[in-house]
Amino acid sequence: MSVQKLKYILQIADNALIMGHRLSEWCGHGPILEQDIALTNIALDHLGQARSLYQYAAEQFNELPRAEQEKVFTSPALQAIIAGGQPIDEDDMAYLRDGWDFYNVLLVEQANKDWAYTAARSLYYDTFNYHFYTGLQNSNDETLAAIAEKSLKEVTYHMRWSSEWVIRLGDGTAESHKRMQEAASYLWQYTGELCTMVETDKAMYKAGTGVNLDELKTKWATAIGKVLDEATLAQPEEGWMQQGGKEGRHTEHLGYILAEMQYMQRTYPNMEW
Amino acid sequence: MSQQETEHKSEWPLWEVFIRSKAGLDHKHVGSLHAADAQMAIENARDVYTRRMEGVSIWVVESKYLHTSDPDESASMYEPANDKIYRHPTFYNLPDELKHM
Amino acid sequence: MTVHSFEENFEEKLEKDIAIEPRDWMPDTYRKTLIRQISQHAHSEIVGMLPEGNWITRAPSLRRKAVLLAKVQDEAGHGLYLYSAAETLGISRDELYDQLHSGKAKYSSIFNYPTLTWADMGAIGWLVDGAAIMNQVPLCRTSYGPYARAMVRVCKEESFHQRQGFEIMLTLSKGTAVQKKMAQDALNRWWWPSIMMFGPPDDNSPHTEQSMHWKIKRFTNDELRQKFIDVTVEQAKILGLSVPDADLKWNEARGHYDYGKIDWDEFWNVVKGNGPCNKERLETRRKAWEGGEWVREAAAAYSEKRKQRSRQEAA
Ligand SMILES: [Fe+2]
Ligand SMILES: [Fe+2]
Ligand SMILES: [Fe+2]
């Protein structure tokens, strides 16, 4: 077990958690009841995936030698648990890590804004996820492979949901077309990071555990191109891509997400809920 | 066209949902929902009426195409999705002395 | 058949507990009363998503978060089942929404109270869903078929709601001092609004008699309230929490708990719109609906385009 692998698991888990968090913000506020329910199902899927992955990450973490453990996460709250010699669990992973120890891509933390932004963000992410989990099924890590296999069924459904909405809005009314185009173009700057190999990705791919993101690039772009085309949307212009999430450098959004999400655990430490 | 339909042009049509929960059984009416088109109606039906339980077969028909004779129907059954166990009451750890819950 | 015999036929069905179905003849007042009752219930489910929805992003553990999210989603489902039942009576969901958003329609006033701490998720599940279940279980046998079937579905899901709420309360009451304080504080704030959920006392409940005859109400407000109090007080004992009613005591002769005076003045004020969150809740619902209009229009327009395209292809 390596710290590298731990970070890899966390990358996947953090994507799922933060994406689920954003989608869950729609619950009770959707444009129509049926879609409120549909989107919450998707949020629940992401949350479920995050939990399996955090449980696995915690297991991995607890097996590390103490000296290594102390170096991985710097938050005082986690340091205190490690100093006490206790094992950590899924909730410690989600609620006690600081922002710089979160490795999700910048895309998933972007605000919901409206149904078009939500659909575009989902389309970009779900399409990546679909190909990513397809590859991860072949991981030499059996747990990851099993999680990938289970998640893939859900992700296939997510991708269908987001593709259909992007098409509907793009090819719907003049207003929806305009909004959809704006969302697709704005969020484009956060898509470059999806298939960029950072150190963790490279090491895990080399070890036979991770997915070759270079291979995903064209698959992702082709799939997205098709959907945008059917949606009568213009392909966003290639330009500067925002990076850093996978290495813990985030947009301003993550701080607010964590402040809200972690508030209970941070305010009332060491309690059962 | 009724008055309501002209007032709310964007109101999605109503669909009746029929679900076959197991192979060999009949499709059963489980309720209705609104959707913009048939495909969305099927997907919404999975989300609303099965919480996406797998292996079920779904029929949807726009309510306006349904002709009714005998309205007598039996109460519809509902099975929650099998992997969302927190939807089952027995998922919760409660003391034995607790009654009426 | 003459109108007279239609009416006799209807009464006979009521008598024999044969469900009234959408195409059956029914008195106009029966239809109107049902629309009002079912849509009020539906609105309550939808507005009821908001106070708990507040805490989804702040839930203190991942398990609690998943449960709460699923629970609030269920309430959306309940709203949907009930709106569908109302629609069988010849009114559209859009019209029902208009009634809600314009303030013409009512919903359960309990949802106009704020959720201030995590313990409120426990108190709501335990007390509010608990009271709702007590109200709703008899409605599974209500005379109108689509309503009864919707209620069967609703009640199956409600049981998990109450249990998860009680479990939250139990965990808190077995926890640290501040957690116990949280639980007691939540019970203090939610107790009275919960017992008001059963509605005004029987001598002040205008529709009860007719509704009982029509079997769209099967017990009176006071009967259900008493039953709820009897059951819930025992449950509070398990939690080691005290019910905030100094006059609460077991009455051996009645075989029930006696309870203190309910502040009906507060109740009617909250019903009238003066509760702590009335305006905010309605505003939130309105914003979601109006903000979603362009989305609904787009989907309708797209579906229309697609139909036309496939017609052209066929031609
Ligand atoms: Fe409900
Ligand atoms: Fe309810
Ligand atoms: Fe409920």
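Whole number in Å², please: accessible area per residue of region C:203-315, 1.4 Å probe, ligands, DNA and RNA not counted.
Working: 6560 Å² over 113 residues.
With all protein chains present, region C:203-315 gives 58 Å² per residue.
Please work out the Cα convex hull volume for the protein assembly as shown and give it in Å³ per residue.
Working: hull volume 122.7 nm³, N = 689.
Dividing the Cα hull volume of the protein assembly as shown by its residues yields 178 Å³.
Please give the helix A:252-261 orientation as an angle from the longest Cα principal axis of chain A, in degrees from 0 to 90, rounded to the nearest 10.
60 degrees
How much accessible area is lost when chains C and A come together, counting both sides, with a 1.4 Å probe, in Å² rounded to the nearest 100?
Rounded to the nearest hundred, the buried surface is 4000 Å².
So what is the relative contact order for chain C, in percent, with contacts set as C-alpha pairs under 8 Å and at least six apart?
18 percent
What 222 nm value per residue comes from the helices of chain A, counting each DSSP H run with n ≥ 4 as -39,500 (n - 2.57) and dividing by all residues, nearest 500 deg cm²/dmol?
-22000 deg cm²/dmol
What accessible area per residue, rounded to a whole number of Å², is obtained for region A:81-203 using a probe radius of 1.4 Å? The partial results should precede the final answer.
On the way: 4000 Å² over 123 residues.
I get 32 Å² per residue for region A:81-203.
Run the numbers on region C:137-159: which residues show a drop of 10 Å² or more in accessible area, chain on its own versus all protein chains together, using a 1.4 Å probe over heavy atoms?
For region C:137-159, once contacts with the other chains are taken into account, C:Arg149, C:Val152, C:Arg153, C:Lys156, C:Glu157, C:Ser159 lose 10 Å² or more.
Take chain A, connect every pair of alpha-carbon atoms lying under 10 Å apart with a spring to form a Gaussian network, then pick out the residue of A:Ala148, A:Ala174, A:Ala13 with the largest mean-square fluctuation.
In the Gaussian network model the winner is A:Ala174.
Could you put C:Tyr259, C:Tyr113 in order of accessible surface area, largest first, with the 1.4 Å probe and the full protein assembly present? Mind dumping the intermediate values first?
Numbers: C:Tyr259 65, C:Tyr113 30 Å².
The ranking, largest first, comes out as C:Tyr259, C:Tyr113.
Sum -39500 (n - 2.57) across every DSSP H segment of at least 4 residues in chain C, then divide by the residue count to get the 222 nm mean residue ellipticity, nearest 500. Spell out each step's value before the answer.
Numbers: 14 runs with 202 residues, N = 315.
It lands at -21000 deg cm²/dmol.
Need one number: buried accessible surface between chains A and B, 1.4 Å probe, both sides summed, DNA, RNA and ligands left out, in Å² to 100.
Numbers: alone 13060 and 8470 Å², together 19990 Å².
Looking at A and B, the buried total is near 1500 Å².
What does the buried accessible surface come to for B and C, summed over both chains, with the probe at 1.4 Å? Round to 100 Å².
Details: alone 8470 and 16430 Å², together 20930 Å².
Approximately 4000 Å² gets buried when B meets C.
Taking springs between alpha-carbon atoms closer than 10 angstrom, which of C:Gln184, C:Gln99, C:Gln162 fluctuates most in the Gaussian network model of chain C?
C:Gln99
On the protein heavy atoms, probe 1.4 angstrom, tell me the percent of accessible surface of the protein assembly as shown carried by carbon and sulfur. Could you put the intermediate results ahead of the total?
On the way: 14850 of 28750 Å².
With neighbouring chains kept in place, the figure for the protein assembly as shown is 52 percent.
The values are calculated or read from the model by the stated rules, or taken from the named source; none is laboratory data. Treat the numbers as computed from the prediction; the structure is a model and nothing was measured. In case anyone asks, the SASA skips ligands and DNA or RNA and just uses the protein heavy atoms, side chains included. Shrake-Rupley method; radii C 1.70, N 1.55, O 1.52, S 1.80 Å.
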